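The values are calculated or read from the model by the stated rules, or taken from the named source; none is laboratory data. Source: prediction; values computed, not measured. Cβ coordinates were reconstructed from backbone atoms using ideal geometry, including for glycine residues, and neighbour counts include every protein chain displayed.
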Amino acid sequence: MIKNAHIFLGWGLVIAVLATTLIGLPKMAGASMDLKDQARWQARASNLQNIGAEFHSTSNLAKTMSERQLDARISNPYMLDYQITRDLSQGGLAYIAPAKTMTRETNCLAEAVYYEARSETTDGQKAVAEVVLNRVEHRAFPNSVCAVVYQGAERTTGCQFSFTCDGSTAKLPYGKHWEKSQTIAKHMMIGANAPLTNRATHYHTTGVSPKWAPSLRKLRKYETHVFYRFMPRKRRLRPVSVAP
């Protein structure tokens, strides 16, 4: 019995040693690799810090490194990086301001869709967005999306879109409705949609009858919104609130 117990104990120790080896060695190897990577990144950071102030910009660093390479073809990674950063420094900055403007305008349009029509179907939301864009093109209204959407928002009455002055914006947009509103806004901003409202510049919900409605030409109804535009050859073009 004692001999058998010793045999079982010996095999148990062998199995434990093997299990420890199989589990421990990969972890030790991984830890060693992590340490090597960390040391490599620290060395790279140290080298970059010692390059000098004249090489702080990416373009200057790429230019210097490309000049030091015997292979001056565009396939050289340093030359390629230099070409990209040089092009950006020469002409790319001209695109930054328009890109920021487009982002801001798209966000304003998305807010109008979200607060005014988030419960509507896709076509209903596009129709509301189209009214905003039609106003931008019409000489009776401001010539930017944000200015159209928030026209009169500084007043308690007289805002062109009711959500801008009735406290709705106190609750920030969120969730799937906000994501869809952003998608609709992007779609409409690039002109990827066929016209829906026949150049409408006004609308109201079906549950109200605003006093300005008879003075405009009624066009059509999309779900819970009725759409209008100015009468033809109207000489005095004055903004009319779309709010009920």
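Observations
- Pair list, Cβ < 8 Å and 6+ apart or interchain, from region 196-221 residues that are farther than 15 Å from Val132 by Cβ to residues that are at pLDDT below 90 and polar (S, T, N, Q): Thr205/Thr224; Thr206/Thr224; Gly207/Thr224; Pro210/Ser241; Trp212/Ser241; Leu219/Asn198; Arg220/Asn198; Lys221/Thr206
- For Ser168, the conditions (1) of a type in the set (S, T, N, Q); (2) surrounded by 15 or more Cβ atoms within 10 Å (Cβ to Cβ); (3) within 20 Å of the chain's Cα centre (by Cα) all hold with the exception of (3).
- For region 177-219, a tally of residues being modelled with pLDDT of 90 or more and aromatic (Phe, Trp, Tyr) returns 2.
- Meets criteria (touching a Ser or Thr at 6+ places or on another chain (Cβ under 9 Å), over 19 Å from Arg229 (Cα atoms) and of a type outside the set (Ser, Thr, Tyr)) for Cys159: no
- Residue in region 122-131 that is polar (S, T, N, Q), more than 29 Å from Pro232 (Cα to Cα) and either under 22 Å from the mean Cα position of the chain (by Cα) or in a loop (DSSP other than H, G, I, E, B) (or both) present: yes
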